[in-house]
Amino acid sequence: MKVHEKIRLIRESKNWSQEDMAEKLKMSVNGYAKIERGETKSFNPKLEQIAELLDVDLTELMPVSDRHICLISGDNTNNGHNVIIGASMELAFEIQKLRLINTHKDETIGHLKQDIARLTEMLELHKQAKA
């Protein structure tokens, strides 16, 4: 998988639009879209900025061969990585995509729990005001 394909995959797993990325990177939507289409070579400072924004290590964006030892962020085994030996890049990235989706889900649930707590508190205050 090429760098621009990885960037698109990770961006989509976060449910961000190209417009969101362009805004966060302080660049035009057209300029960012060219990065995702592979029409422009991303120089290191921009790649570093993209990796930081997507919350991935810069090395995760670098192209690798189709079959290799692939390190994927995960649990506390192997220094915080799971090792998939001889896995295809497609499988490794599907696993990574699912983990990112799961992380996003967990963050969303956390926000919803906070909202519920605030609404419960407001309801209690409203009940007390009526009493």
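Cα-Cα over 24 Å: which of Lys26/Lys105; Lys6/Lys105; Lys46/Lys105?
Over 24 Å apart, Cα to Cα: Lys26/Lys105; Lys46/Lys105.
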Using 0.36 nm per residue, how much length does the chain from Ala129 to Gln18 gain when fully extended, once their Cα-Cα distance is taken away? 35.3 nm
Gyration tensor verdict on the stretch 1-61 (Cα atoms; rounded if a/c is under 1.5, prolate if a/b is larger than b/c, oblate otherwise): rounded
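Laboratory data are not the source of any read-out in this text; all were calculated from the coordinates shown. Predicted model only: the values in this text are computed from it and were never measured.
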